[in-house]
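See structure below.
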Amino acid sequence: MRHRYAAYEALRGVSFEVERGEIFGLVGPNGGGKTTLFRILSTSIAPTAGHARVMGLDVISAAASVRPLLGVVFQSPSLDKKLTVLENLTHHGRLYGWHGPELRRRAEHMLATVGLSDRSSDRVETLSGGLARRVEVAKGLLHRPAVLLLDEPSTGLDPGARRDLWTYLVAARDHDAITILVTTHLMEEAEHCDRVAILDRGQIVAIGSPGELKRAVRGEVVMLETDRPEELADVVAGRWAVSARVVDGRVRIETEAAHKFVVDLFEAFPGQITSVTVRRPSLEDVFIQRTGHAIGAAVFES
């Protein structure tokens, strides 16, 4: 699938499948193509080339049939701040043909699910960002969608609210077998997904479970701080034949037996290394390995 805007190509041949009942993450930097994919899958725009299907239905030619299958949580708030929490859900439910006591029972059930029964009569404008995000999720799940699309769902949330959000999402997947697709630029958030596709500059550079992707990064990751990172990286790569590159002003090295390697580094460069850290690979390291730059260093915009 491809999509071009006037000045640039936002998606450059993206192809993937999501299994039913799976939590799938589209992970990458802002400007990597995630939001364009979200717009296509939510039937907002048509791809320039190729196609996309949801539950076997084409998102363009069968858009009217696809939309009832989708629950959508946008990155930007979509709640009416002047309405109460319960009113937001009931108005949304009517758009999907729900009405009467059945709608109210369903809305109250969803509020109980996200722990907001006691705030049902409060206007949305009185809620914190984390509580409002819970309402967004309850609204997206209200009509029992087959597929839930979430665009950067943790935007503006503190760590506690982020954990709560993922508790609700996993419960919805496990209880109702909902397929969940999440876009995020937060690598720690992607750890909650069953599988992730890492996007950069409109292309998928890696796809698999978080564990599989991290195991593909050999050994451990050593990060060095020094006054001359470019010079040190060149010398280390040439002397030990390891992957050494400068990322965010520090020298990043992938190596086996990292603790022994660190001792060799300090002996070889006395006084030149100001600090060192050693850690197991993360999804951020997968991104760096596949793209050559940190996730915050991308310059492509979508």
_I need the full set of residues from the range 217-244 which are modelled with pLDDT of 90 or more and within 26 Å of the chain's Cα centre (by Cα), in order please._
GLU220, VAL221, VAL222, MET223
*Tell me which of these GLY71 doesn't satisfy, since it passes every other one: (1) touching a helix residue (DSSP H, G or I) at 6+ places or on another chain (Cβ under 9 Å); (2) buried (at least 17 other Cβ atoms within 10 Å of the Cβ); (3) outside any strand (DSSP E or B).*
(3)
*Mind checking which residues of the range 139-185 are touching a strand residue (DSSP E or B) at 6+ places or on another chain (Cβ under 8 Å), of a type outside the set (Val, Ile, Thr) and within 23 Å of GLY31 (Cα to Cα)?*
LEU148, LEU149, LEU150, ASP151, GLU152, PRO153, SER154, LEU181, HIS185
*Are any of the residues in the range 89-102 free of Cβ contacts under 8 Å to residues at least 40 places away in the same chain, assigned by TED's automatic domain parsing to the domain that holds GLY32 and among the aliphatic types (A, V, I, L, M)?*
yes
*Among GLU212, GLU267, which is the only one that is in a helix (DSSP H, G or I), out of contact with any strand residue (DSSP E or B) (no Cβ under 9 Å at 6 or more places or on another chain) and of a type in the set (D, E, K, R)?*
GLU267
*Qualifying positions in the range 136-175 - farther than 21 Å from VAL196 by Cα, in contact with a Lys or Arg (Cβ under 8 Å, 6 or more places away or on another chain) and assigned to a helix (DSSP H, G or I)*: ALA161
*Filter the range 2-56 for residues that are touching a Cys at 6+ places or on another chain (Cβ under 9 Å) and either among the small types (Gly, Ala, Ser) or without any contact (Cβ under 8 Å) to a residue 40 or more places away in the chain (or both) and give the result.*
GLY25
_For the range 23-64: of the residues being basic (Lys, Arg) and either assigned to a helix (DSSP H, G or I) or at pLDDT below 95 (or both), which is farthest from ALA10 (Cα to Cα)?_
ARG39
*asked:* Checking the conditions here, which among ALA244, ALA233 is more than 25 Å from SER209 (Cα to Cα), out of contact with any Cys (no Cβ under 7 Å at 6 or more places or on another chain) and either outside any helix (DSSP H, G or I) or among the aromatic types (Phe, Trp, Tyr) (or both)?
replied: ALA244
*Evaluate the range 262-280: report whether one residue or more is closer than 30 Å to THR35 by Cα, of a type outside the set (D, E, K, R) and modelled with pLDDT of 90 or more.*
no
*When residues of the range 258-286 are filtered for being within 30 Å of PRO210 (Cβ to Cβ) and either free of Cβ contacts under 8 Å to residues at least 24 places away in the same chain or surrounded by 11 or more Cβ atoms within 10 Å (Cβ to Cβ) (or both), how many remain?*
17
*asked:* Kindly evaluate ARG201 against the criterion of being modelled with pLDDT of 95 or more and in the same structural domain as GLY32 (by TED's automatic domain parsing).
replied: no
*Here is a list of conditions, (1) touching a Gly at 6+ places or on another chain (Cβ under 6 Å); (2) over 30 Å from ILE40 (Cβ atoms), and ASP200 meets all of them except one; can you say which number that is?*
(2)
*Pick from the range 99-144 the residues that are crowded, with 18+ Cβ neighbours inside 10 Å and among the small types (Gly, Ala, Ser): which of them is nearest to THR155 (Cα to Cα)?*
ALA132
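The values are calculated or read from the model by the stated rules, or taken from the named source; none is laboratory data. Because the structure is predicted, anything quoted here is derived from the model rather than measured. With ideal geometry, Cβ positions are generated from the backbone for all residues, glycine too; neighbour counts draw on all protein chains shown.
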